[in-house]
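Presented below is the structure to which this report refers.
The values are calculated or read from the model by the stated rules, or taken from the named source; none is laboratory data. It should be emphasised that the depicted structure is a prediction, and the values quoted were computed from it without experimental measurement. Neighbour counts run over all protein chains shown; Cβ positions are idealised from the backbone, glycine included. Only protein heavy atoms, including side chains, enter the accessible area calculation; ligands, DNA and RNA are left aside. Shrake-Rupley method; radii C 1.70, N 1.55, O 1.52, S 1.80 Å.
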Amino acid sequence: MQECMDVALRVAISGWLVGVAVWDHWRRRVPNWLVLPVMFGALAYQVYLFIADRPASGLGFVLVAWIVLFLMWQAHFFGGGDAKFLMAIFALFPG
């Protein structure tokens with residue numbers, strides 16, 4: 001049952017991220033209200049996996065990836081919308 005919930009959560013969040021990508025394509029801007037709930041929801045899920053001591057937890061990788069992405073955004077390698085989108089993807093699929 002837990003595995004079905006895991007897959008359902010990932011499919012739902014992936015669908016949300018497709019919507020974010022379409023929004024970005026049309027408006028050329030990714031507002032925080034659109035992507036931050038996904039980022040922090042996926043991060044909270046990784047924290048839950050870490051606390052539950054499940055081997056699928058990639059919390060350390062997610063945190064390192066977020067720091068690297070933030071620094072790359074600050075260095076102007078890519079935009080903030082791209083950084084937020086990638087942070088959400090890395091939190092959702094850390095492997």
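Structure notes:
- Within segment 1-50, being surrounded by fewer than 11 Cβ atoms within 10 Å (Cβ to Cβ) and at pLDDT below 80 holds for 1, 2, 3, 5.
- Condition check for residue 91 on (1) in a helix (DSSP H, G or I); (2) at pLDDT 85 or above; (3) open to solvent by less than 90 Å² (accessible area, probe 1.4 Å): one failure, at (2).
- Residue match in segment 74-86 (condition: open to solvent by 30 Å² or more (accessible area, probe 1.4 Å) and closer than 20 Å to residue 7 by Cα): yes
- Looking across segment 29-58, the residues that are assigned to a helix (DSSP H, G or I) and in contact (Cβ under 8 Å) with a residue 24 or more places away in the chain come down to 32, 35, 36, 38, 39, 41, 42, 43, 45, 46.
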